[in-house]
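Q: Sharing a structure below in structure tokens format, with a few things to ask.
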Amino acid sequence: MGVYDDAEALAPELTALRRAIHREPEIGLHLPATQRKVLAALDGLPLEISLGTALSSVTAVLRGAGAAAGGPAVLLRGDMDALPVTERTGLDFSSQTEGVMHACGHDLHTAMLAGAARLLAARQRELPGTVVFMFQPGEEGHAGARHMISEGVLDAAGQRPVAAYALHVASAEWPAGVCSTRPGPMLAAAEVLEVTVRGRGGHGSEPHLAADPIPAACEMVTALQTLVTRRFDVFDPVVITVGSFHAGTTDNVIPDEASFLATVRSFTPEARDRVRASALALVGGIASAYGLTVSAGFRDGYPVTVNDDAETRFAARVAAGLLGEERCVAQPNPMTGAEDFSFVLEQVPGAYLMLGACPPGADPATAPNNHATDAVFDDSVLPTGAALYAELALQRLTG
Ligand SMILES: [Zn+2]
Ligand SMILES: [Zn+2]
């Protein structure tokens, strides 16, 4: 039987695993209950398993028959963490933990990757190399991939992988089972700009005796939008959104400080460097023009997720072979979301692919999107994802 048929046969156990993880979601770098479920799912397979120390990761290495003869290694990554979201899907396997939900579908990635481990372990004799399964906590803002890299996941096979692949499901935008990717920038770099403007507080009736930080901070917010349109090529764009702004306590008191936070997104390393430098220069210049001081800086986020050209063409070919040409679409633009798989792709050529998981009956154009309280991901894509992971490794090692 082919990989796809074998994956279909795993559907009941993948669904059970996914639902168990969904019922008991965990946030951040420490996911002990999820880790236990993954280890149980991998139990009995011919894998070398190592666990993270700074995070509850699982790295599993499958050495194929051809590994001893010097065959290459390939890495497959699935993230495992949930979000601080209160679930309102009404599903019978809804989150049992108030305020925590698998709203980004990482529960599906975990089950798919465990399924791929099972599919590939059954083909150990045919495997001309090594597969590294990277079960990763902390994708949602905790840079779990970077932690796993510093704990050695890229050297787990005893050699650098020649390629790395990740899948991400989407509750909207694409119908279930449709795969989408693109070469080059796939997802944005995302960083947090933190700004605090300091002046001198005073009475609201006598602003000339104080140094009011609020108008200057407001000017920074609008000037940052002008920066986006006047200083950046429309074909190498940046996005700046001020999502938090705080100052003062009441109407007639001028506060000492005003502070705000912005998310800053870019799609090339050049634009990323430039937006960092120019945003800091801008807020510094505005503060000094008003005789105020400012402390501003970037909290390190995720770099641009860049798909390798050749690996993306290969992955798209594999996906089309598995799903049919009509279910494999070329993505015209990068997405403005960000991913810490970018840290892996900085060191290993590879590809990041989206996989539609919109439930039947829902319209992908209007279905609740990833991160929504009512985002629903369809279980029918679990065998598809497991088969796609497995085929990517199998064909890349064979090819
Ligand atoms: Zn997410
Ligand atoms: Zn995600």
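The values are calculated or read from the model by the stated rules, or taken from the named source; none is laboratory data. What you are looking at is a predicted structure, and each value in this text was computed from that prediction instead of being measured. Virtual Cβ from ideal backbone geometry, glycine too; neighbours counted across all protein chains shown.
Q: I'm trying to understand the selection: among the residues of region 305-338, which are small (Gly, Ala, Ser), crowded, with 18+ Cβ neighbours inside 10 Å and away from ligand 2 (no atom under 16 Å from the Cβ)?
A: Within region 305-338, Ala315, Ala316, Ala319 qualify.
Q: Additional query: With respect to Asn370, determine if the residue is assigned to a loop (DSSP other than H, G, I, E, B) and within 16 Å of ligand 1 (Cβ to nearest atom).
A: Numbers: assigned to a loop (DSSP other than H, G, I, E, B): yes; within 16 Å of ligand 1 (Cβ to nearest atom): yes.
Yes: the conditions hold for Asn370.
Q: Quick one: in region 309-349, of everything that is within 16 Å of ligand 1 (Cβ to nearest atom) and charged (D, E, K, R), which residue is nearest to Val131 (Cα to Cα)?
A: My answer is Asp340.
Q: State whether one or more residues within region 129-142 are among the aliphatic types (A, V, I, L, M), within 16 Å of ligand 2 (Cβ to nearest atom) and under 25 Å from Ala315 (Cα atoms). Break it down into steps so the answer makes sense when it comes.
A: Step one: list which residues in region 129-142 are among the aliphatic types (A, V, I, L, M), which gives 131-132, 134.
Remaining after also requiring within 16 Å of ligand 2 (Cβ to nearest atom): 134.
From the residues that got through so far, the ones that are under 25 Å from Ala315 (Cα atoms) too are 134.
Scanning region 129-142, I find at least one residue that is among the aliphatic types (A, V, I, L, M), within 16 Å of ligand 2 (Cβ to nearest atom) and under 25 Å from Ala315 (Cα atoms), so the answer is yes.
Q: Something else about it: Could you tell me whether region 182-200 includes any residue that is closer than 30 Å to Thr15 by Cα and more than 15 Å from the chain's Cα centre (by Cα)?
A: Restricting attention to region 182-200, the residues satisfying the condition of being closer than 30 Å to Thr15 by Cα are 182, 186-187.
Going one step further and asking which of them are more than 15 Å from the chain's Cα centre (by Cα), we end up with 182.
There is at least one residue in region 182-200 that is closer than 30 Å to Thr15 by Cα and more than 15 Å from the chain's Cα centre (by Cα).
Q: Please tell me if Arg182 is over 30 Å from Thr366 (Cβ atoms), among the basic types (Lys, Arg) and touching a residue at least 60 places away in the same chain (Cβ under 8 Å).
A: Numbers: over 30 Å from Thr366 (Cβ atoms): no; among the basic types (Lys, Arg): yes; touching a residue at least 60 places away in the same chain (Cβ under 8 Å): yes.
No: the conditions fail for Arg182.
Q: Okay, next question. Cβ-Cβ below 7 Å, separation at least six or inter-chain, first residue in region 104-117 and among the hydroxyl-bearing types (Ser, Thr, Tyr), second part of a helix (DSSP H, G or I) and within 16 Å of ligand 1 (Cβ to nearest atom): which pairs?
A: Thr110/Ile21; Thr110/Thr34
Q: Tell me the strands (runs of 3 or more DSSP E) entirely within region 127-234 that contain at least 3 residues that are in contact with a strand residue (DSSP E or B) (Cβ under 8 Å, 6 or more places away or on another chain) and away from ligand 1 (no atom under 16 Å from the Cβ). I'd like the intermediate steps shown before the answer.
A: Details: elements: 130-136, 163-175, 179-181, 184-187, 189-198.
In region 127-234, the matching strands (runs of 3 or more DSSP E) lie at 130-136, 163-175, 179-181, 189-198.
Q: Further question on the same structure: Residues in region 144-160: is at least one under 29 Å from Gly324 (Cβ atoms) and modelled with pLDDT of 95 or more? First the steps, then the outcome.
A: Step one: of region 144-160, the residues under 29 Å from Gly324 (Cβ atoms) are none.
The answer is no, given that none of the residues of region 144-160 is under 29 Å from Gly324 (Cβ atoms) and modelled with pLDDT of 95 or more.
Q: To continue, here is another question. If you check Gly71, Gly78, which single one turns out to be in contact with a helix residue (DSSP H, G or I) (Cβ under 7 Å, 6 or more places away or on another chain) and either surrounded by 22 or more Cβ atoms within 10 Å (Cβ to Cβ) or among the aliphatic types (A, V, I, L, M) (or both)?
A: Values: Gly71 fails: either surrounded by 22 or more Cβ atoms within 10 Å (Cβ to Cβ) or among the aliphatic types (A, V, I, L, M) (or both).
When all the criteria are applied, what remains is Gly78.
Q: Working only within region 55-74, note down all residues that are among the hydrophobic types (A, V, I, L, M, F, W, C) and in contact with a His (Cβ under 9 Å, 6 or more places away or on another chain).
A: Leu55, the sole residue that qualifies.
Q: Would you say Ala357 is of a type in the set (Gly, Ala, Ser), closer than 20 Å to Ala164 by Cα and either within 16 Å of ligand 2 (Cβ to nearest atom) or surrounded by fewer than 20 Cβ atoms within 10 Å (Cβ to Cβ) (or both)? Steps first, answer last, please.
A: Values: of a type in the set (Gly, Ala, Ser): yes; closer than 20 Å to Ala164 by Cα: no; either within 16 Å of ligand 2 (Cβ to nearest atom) or surrounded by fewer than 20 Cβ atoms within 10 Å (Cβ to Cβ) (or both): yes.
No, not satisfied.
Q: Something else about it: Determine which member of the set Thr59, Thr34, Thr15, Thr86 is of a type in the set (S, T, N, Q), surrounded by fewer than 15 Cβ atoms within 10 Å (Cβ to Cβ), at pLDDT 95 or above and under 24 Å from the mean Cα position of the chain (by Cα).
A: On the way: Thr59 fails: surrounded by fewer than 15 Cβ atoms within 10 Å (Cβ to Cβ); Thr34 fails: surrounded by fewer than 15 Cβ atoms within 10 Å (Cβ to Cβ); Thr15 fails: surrounded by fewer than 15 Cβ atoms within 10 Å (Cβ to Cβ).
Of Thr59, Thr34, Thr15, Thr86, the one residue that is of a type in the set (S, T, N, Q), surrounded by fewer than 15 Cβ atoms within 10 Å (Cβ to Cβ), at pLDDT 95 or above and under 24 Å from the mean Cα position of the chain (by Cα) is Thr86.
Q: I need the full set of residues from region 258-273 which are over 14 Å from Ala188 (Cα atoms) and surrounded by fewer than 17 Cβ atoms within 10 Å (Cβ to Cβ), in order please. It would help to see each step written out before you state the result.
A: Narrowing region 258-273 to residues over 14 Å from Ala188 (Cα atoms): 258-262.
Correct list: Leu261 only.
Q: Name the single residue, out of those in region 100-123 being more than 13 Å from Arg18 (Cβ to Cβ) and within 16 Å of ligand 1 (Cβ to nearest atom), that is surrounded by the most Cβ atoms within 10 Å (Cβ to Cβ).
A: If we filter region 100-123 for residues that are more than 13 Å from Arg18 (Cβ to Cβ), which is where we start, we get 100-101, 103-104, 116-123.
Now drop any that are not within 16 Å of ligand 1 (Cβ to nearest atom), which leaves 100-101, 103-104.
Numbers: Val100: 19, Met101: 26, Ala103: 29, Cys104: 26.
Looking at the filtered set, the residue picked out is Ala103.
Q: Suppose we filter region 99-155 for residues that are closer than 20 Å to Glu48 by Cα and not small (Gly, Ala, Ser); how many remain?
A: Initially, region 99-155 is screened for residues closer than 20 Å to Glu48 by Cα, giving 110-137, 145, 147-155.
Within this subset, residues satisfying the condition of being not small (Gly, Ala, Ser) are 110, 112-113, 118-120, 123-128, 130-137, 147-149, 151, 153-155.
The total comes to 27.
Q: Follow-up question, since we're still on this one. Tell me which strands (runs of 3 or more DSSP E) are completely within region 1-117 and hold 2 or more residues being within 16 Å of ligand 2 (Cβ to nearest atom), or say none if there are none. Please lay out each step first, then the result.
A: Working: elements: 48-51, 58-63, 73-79.
Strands (runs of 3 or more DSSP E) meeting the threshold: 73-79.
Q: Pull out all pairs, ordered by first then second residue, where Cβ-Cβ is under 8 Å, the residues are six or more apart or on different chains, the first lies in region 249-264 and is modelled with pLDDT under 95, and the second is surrounded by 15 or more Cβ atoms within 10 Å (Cβ to Cβ).
A: Qualifying pairs under 8 Å: none.
Q: Continuing with the same structure: Among the numbered conditions (1) surrounded by fewer than 17 Cβ atoms within 10 Å (Cβ to Cβ); (2) touching a Phe, Trp or Tyr at 6+ places or on another chain (Cβ under 9 Å), tell me where Tyr165 comes up short.
A: Among (1) surrounded by fewer than 17 Cβ atoms within 10 Å (Cβ to Cβ); (2) touching a Phe, Trp or Tyr at 6+ places or on another chain (Cβ under 9 Å), Tyr165 violates only (1).
Q: Among the listed residues Tyr352, Tyr389, which satisfies the condition of being away from ligand 1 (no atom under 16 Å from the Cβ), surrounded by 18 or more Cβ atoms within 10 Å (Cβ to Cβ) and outside any loop (DSSP other than H, G, I, E, B)?
A: Numbers: Tyr352 fails: away from ligand 1 (no atom under 16 Å from the Cβ).
Tyr389 is the lone residue from the list that is away from ligand 1 (no atom under 16 Å from the Cβ), surrounded by 18 or more Cβ atoms within 10 Å (Cβ to Cβ) and outside any loop (DSSP other than H, G, I, E, B).
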